[in-house]
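In what follows, a single structure is set out as structure tokens and then discussed.
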């Protein structure tokens, strides 16, 4: 397989706090990869560095064979990296469909507004938006204010929003966080389907070990800002360094029925 996204030796400090200390991760094209670690291990900071929301002190971010270190978020998005957030970022005072059309407008930038709002273009964007809302399962809420959705439904809207641009890789920051078990299973099913049928690549940060172990083919573990182990779930869950990082918690026991 080919590395679609990778980081090398990423360091990042905030004042006297070393958030990242040589973090390296490789995401192969067409896979679902996971990034785990205790609270404060640097997972979200690494996401922020990859997507341009934080500039590293040292190290490189590569997308395909292109160095994108220090790119602004909109430029990272333009090269093909989509991202959701730990706390959803939607427009609560717009309807669900309006949120999707905002995403379409940001993705498809014509030479003039008349071209974008022409009848054919508008119909095409709305049809695509409704298809994605149906895919994630919230199309019946299309005309409701996004702020009226449950937290889990907002996660689904944010996923659909990111998919409008058809990014090469999607970074999901705690997609199962704060979501009820039924919606967690639904989100996992959508990720599997996108990966299996479209070859979509994912990198996800998650604390729900059952979710991660059941979805990801490769998992990288961060501890104190550095990657300590990377490999398939069966290897990672029994690695002593991982058990130590989780303060002696046996991951095999944690996600057992």
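The values are calculated or read from the model by the stated rules, or taken from the named source; none is laboratory data. If you're wondering where the values come from, they're calculated on a predicted model, not measured in any experiment. Positions of Cβ are backbone-derived with ideal geometry, glycine not excepted, and every protein chain shown enters the neighbour counts.
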Problem - The one condition in (1) closer than 22 Å to residue 236 by Cα; (2) touching a helix residue (DSSP H, G or I) at 6+ places or on another chain (Cβ under 7 Å); (3) modelled with pLDDT of 95 or more that residue 37 fails to fulfil - result: (3)
Practice task
For the stretch 29-62, name all the residues that are surrounded by fewer than 22 Cβ atoms within 10 Å (Cβ to Cβ), under 15 Å from the mean Cα position of the chain (by Cα) and not in a helix (DSSP H, G or I).
Solution key: 29, 30, 31, 51, 52, 53
Practice task
Answer yes or no: is there a residue in the stretch 1-16 that is farther than 21 Å from residue 221 by Cβ, buried (at least 17 other Cβ atoms within 10 Å of the Cβ) and out of contact with any strand residue (DSSP E or B) (no Cβ under 8 Å at 6 or more places or on another chain).
Solution key: no
Practice task
Output the number of the condition that residue 251 fails; it satisfies all remaining conditions of (1) farther than 28 Å from residue 136 by Cβ; (2) at pLDDT 90 or above.
Solution key: (2)
Exercise for the section: Considering only the stretch 157-244, give the strands (runs of 3 or more DSSP E) lying wholly within it that have at least 2 residues that are in contact (Cβ under 8 Å) with a residue 60 or more places away in the chain and within 13 Å of the chain's Cα centre (by Cα). Expected result: 169-173, 201-205
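For the stretch 128-155, enumerate the residues that are over 15 Å from residue 98 (Cβ atoms) and either in contact with a helix residue (DSSP H, G or I) (Cβ under 7 Å, 6 or more places away or on another chain) or part of a helix (DSSP H, G or I) (or both). Full working, then the answer.
Initial filter on the stretch 128-155 (over 15 Å from residue 98 (Cβ atoms)): 131, 134-137, 140, 150-153, 155.
If the condition is that a residue be over 15 Å from residue 98 (Cβ atoms) and either in contact with a helix residue (DSSP H, G or I) (Cβ under 7 Å, 6 or more places away or on another chain) or part of a helix (DSSP H, G or I) (or both), then 131, 134, 135, 136, 137, 140, 151, 152, 153, 155 are the ones that fit.
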Practice task
Would you point out which residue out of 97, 81 is over 29 Å from residue 61 (Cα atoms), modelled with pLDDT of 55 or more and within 24 Å of the chain's Cα centre (by Cα)?
Solution key: 97
Exercise for the section: Please verify whether the stretch 135-153 includes one or more residues that are in contact (Cβ under 8 Å) with a residue 40 or more places away in the chain, touching a strand residue (DSSP E or B) at 6+ places or on another chain (Cβ under 9 Å) and either buried (at least 22 other Cβ atoms within 10 Å of the Cβ) or closer than 30 Å to residue 3 by Cα (or both). Expected result: yes
